[in-house]
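J.: Let me give you the structure first, and then I'll get to my questions.
The values are calculated or read from the model by the stated rules, or taken from the named source; none is laboratory data. Computed from a prediction, not measured in an experiment: that's the story for all the values here. Here the Cβ positions follow ideal geometry from the backbone for every residue, glycine too, while neighbour counts run over all protein chains shown. Heads up: the accessible areas ignore ligands, DNA and RNA and are worked out on the full protein's heavy atoms, side chains in. Shrake-Rupley method; radii C 1.70, N 1.55, O 1.52, S 1.80 Å.
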Number of protein chains: 2
Amino acid sequence: MAEVASAAGVSSATVSYVLSGKRAVAPATRAAVESAIAELGFTVNATARSLRTGRSSLAALIVPDIANPFYAQLASSLQEQLRASGLHVVVCNTGADREEERALLAEAVQQRFAGVVITPFRLHPEDLDTLAEAGIPAVVSADVSFGAVDLVKPDARSATLQALQRVTANQRRRIAVIAGPRDATGGDPRLAMLRRLAPQFGISLPRELVVRGEHTRDSGAVGFTELMSRRERPDAVFCANDMIAVGAMDAAHDLGVDIPGEVALVGHDDAAFASLVRPRLTTIRYPAHDVGVAAAQLLKERLDGRTAPRTVRVRALFVARGSA
Amino acid sequence: MAEVASAAGVSSATVSYVLSGKRAVAPATRAAVESAIAELGFTVNATARSLRTGRSSLAALIVPDIANPFYAQLASSLQEQLRASGLHVVVCNTGADREEERALLAEAVQQRFAGVVITPFRLHPEDLDTLAEAGIPAVVSADVSFGAVDLVKPDARSATLQALQRVTANQRRRIAVIAGPRDATGGDPRLAMLRRLAPQFGISLPRELVVRGEHTRDSGAVGFTELMSRRERPDAVFCANDMIAVGAMDAAHDLGVDIPGEVALVGHDDAAFASLVRPRLTTIRYPAHDVGVAAAQLLKERLDGRTAPRTVRVRALFVARGSA
């Protein structure tokens, strides 16, 4: 570093500022230092280089549940799309815990990742400020807006209408929902959508038929069992995701409840196992591949210099199978 | 940095060597620099800190197929075990491609990850040298030894014996295998184990009943279809993992082959969906949770200074369900 300083005619401290970006350095001085580095063939290791460029070649995908195959598909898609840009994707699992979500964002800053794609679960929009301050582009994949960041968002209205159509066409009137937890960021937009559209079919979602829990298989089993203990049982159950729906199937099996005979069951996402379970799961497909393509596109635009936030909507599709 | 140099009574270059570890510095000099840094409250950012400590607080889990839920379980287990050590786990997907495996190891070095747990697929043992040179501890999870590194390895002999016992007890004699690809590191140890144990049951694995492919659902469907085109069809099929087995079920369904009536099917791993498919999959459970515990333990021992490589064996269990 002393050699670089002497070749550039500046102090070692200045070289350090250029490398670390910790203090502003006049452009001409910076240029002198950089050319001295280049001339001396000063080989910096990657960490030192990331000090200089402020960017590693890793992008983080931060998800609430790595056991949900929806996110594995999203990861593969993102990876495929970013490969040509020389970026590798690392997947970070928050377990739907806000402290983990925040801790992983802090890691992304510390490691100077090239970008972050995140499906927040309990995160608050202001938690993303740390990325913005570090100049790390963020893309949020969520059903609700999330402050002034790039967003990939579903367009699930039409698919939800079709699902309600299918269920009510069979004279089912007592529609239940196993929704996400009350403290999830933005509440449960899938529940909100059902509430908004149900009146078109002459039905409502009575309060006693909405239960809440995590987006997990266990939570689906608990929620379904709870619903079946109601004095008036539901004849259809919508689940906030497919993991919940599979848990509901577990419980239905244990309780001897016939699906779809007694209760129609609708999932959300079309995760890889949705077509493996019996009966095959009727669900609202949120195409993970397309979400990955959109997120990668937004991230690349940011790395290319776009500054104004942009939202891309990805269309969800109703997939009718055996469970409803 | 100049301030630190002056306080420690050394040159800026020396400070830089201490920070980067690029050249050896006498212990007393290093101590002087470090205490000057501490006294001055010199706040280094994380990248600069990783230059000094040579270690980030991320550990990488590098896997061949992030869509295989076995690895999601392994990731969760590893994460849970390493949390108390202040480490976060990032999951990297190689797609079973050697170039990706190598590239991700290079990234782990560049980012100065605290450690790497890897399930190699096509990697060669010498590809790990890059980690050793960078002083980054590696733990390999594999069925075969992998040079002088820490290894988590299955003990599947007894489970495989039970699986063969079960299948042959039903008078099945034509045992087929859908194995991994020929160029996988170490070949296919699960196939080798079957070959070794089959004679105890008076059977062999004829060459025409061993087909090979990737560890994927698609590849399982192709392999099963190929086996069903043999003049003498097999009456039992062992699969190198559960993804292959589920693909075999897809093909059996399409071909109208009854499982287990016509063909018994045995998977390997007991991935999350093994109990979801119908018939439920009979499989050899390789407990992902225990693999994560063992890998975390080995990694922590390395970080605590152990230098001699160690192997931990994790017992596999036969799980009899409906498919065989």
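J.: Scan (1) in contact with a Pro (Cβ under 8 Å, 6 or more places away or on another chain); (2) at pLDDT 95 or above for the single condition B:A67 breaks and write down its number.
T.: Status for B:A67: all satisfied but (2).
J.: Suppose we keep only residues that are under 16 Å from the mean Cα position of the chain (by Cα) and part of a helix (DSSP H, G or I) within the stretch A:104-124. Which one would you say is nearest to the other protein chains (Cβ to nearest Cβ)?
T.: A:L104
J.: Any residue at all in the stretch A:81-90 that is within 20 Å of the chain's Cα centre (by Cα), modelled with pLDDT under 95 and either within 12 Å of chain B (Cβ to nearest Cβ) or not in a helix (DSSP H, G or I) (or both)?
T.: Among the residues of the stretch A:81-90, at least one is within 20 Å of the chain's Cα centre (by Cα), modelled with pLDDT under 95 and either within 12 Å of chain B (Cβ to nearest Cβ) or not in a helix (DSSP H, G or I) (or both), which makes the answer yes.
J.: If you don't mind, another one. Identify, by number, the condition in (1) open to solvent by less than 30 Å² (accessible area, probe 1.4 Å); (2) away from chain A (no Cβ under 14 Å); (3) out of contact with any Leu (no Cβ under 8 Å at 6 or more places or on another chain); (4) among the small types (G, A, S) that B:S229 doesn't meet.
T.: (1)
J.: While we're on this one: Within the set of pairs 6 or more residues apart or between chains, which connect a residue that is within 10 Å of A:T160 (Cβ to Cβ) inside the stretch A:193-206 to a residue that is surrounded by fewer than 18 Cβ atoms within 10 Å (Cβ to Cβ) with Cβ atoms less than 6 Å apart?
T.: Filtered contacts from the stretch A:193-206: A:L197/A:L161; A:A198/A:S204.
J.: Anything in the stretch A:218-234 that is within 25 Å of the chain's Cα centre (by Cα) and of a type in the set (G, A, S)? List them, or say none.
T.: The answer is A:S219, A:G220, A:A221, A:G223.
J.: Residues A:R172, A:R166: which one is under 19 Å from A:E262 (Cβ atoms) and not in a helix (DSSP H, G or I)?
T.: A:R172
J.: Would the stretch B:282-300 turn up any residue that is touching a Cys at 6+ places or on another chain (Cβ under 9 Å) and either closer than 27 Å to A:V277 by Cβ or in a loop (DSSP other than H, G, I, E, B) (or both)?
T.: For the stretch B:282-300, residues touching a Cys at 6+ places or on another chain (Cβ under 9 Å) and either closer than 27 Å to A:V277 by Cβ or in a loop (DSSP other than H, G, I, E, B) (or both): present.
J.: So if I check each of B:I259, B:I244, which one is open to solvent by 10 Å² or more (accessible area, probe 1.4 Å), of a type in the set (A, V, I, L, M, F, W, C) and touching a residue at least 60 places away in the same chain (Cβ under 8 Å)?
T.: On inspection, the qualifying residue turns out to be B:I259.
J.: Here's a check for you: in the stretch A:91-103, which residue that is charged (D, E, K, R) and surrounded by 20 or more Cβ atoms within 10 Å (Cβ to Cβ) is farthest from the other protein chains (Cβ to nearest Cβ)?
T.: Checking each candidate, the answer is A:E101.
J.: Which of the residues that make up the stretch B:282-318 are more than 19 Å from B:L74 (Cβ to Cβ) and open to solvent by less than 10 Å² (accessible area, probe 1.4 Å)?
T.: The answer is B:T282, and nothing else.
J.: Just for the stretch B:129-140: of the residues that are more than 13 Å from chain A (Cβ to nearest Cβ) and open to solvent by 10 Å² or more (accessible area, probe 1.4 Å), which one is nearest to B:L74 (Cα to Cα)?
T.: B:A138
J.: Something else: List the residue pairs whose Cβ atoms are under 8 Å apart, where the first residue sits in the stretch B:160-180 and is closer than 23 Å to B:S229 by Cα and modelled with pLDDT under 95, the second is in a helix (DSSP H, G or I) and open to solvent by 10 Å² or more (accessible area, probe 1.4 Å), and the two are 6 or more positions apart or on different chains.
T.: none
J.: Being more than 7 Å from chain A (Cβ to nearest Cβ), closer than 10 Å to A:A67 by Cα and in a helix (DSSP H, G or I) is the filter here; which residues of the stretch B:61-80 pass it?
T.: Hits for the stretch B:61-80 are B:F70, B:Y71, B:L74.
J.: Within the stretch B:204-219, can you find the residues that are surrounded by fewer than 18 Cβ atoms within 10 Å (Cβ to Cβ) and assigned to a loop (DSSP other than H, G, I, E, B)?
T.: The answer is B:S204, B:P206.
J.: If B:V257 satisfies every condition in (1) assigned by TED's automatic domain parsing to the domain that holds B:D143; (2) among the β-branched types (V, I, T); (3) in a loop (DSSP other than H, G, I, E, B) but one, which is the exception?
T.: Condition not satisfied by B:V257: (1).
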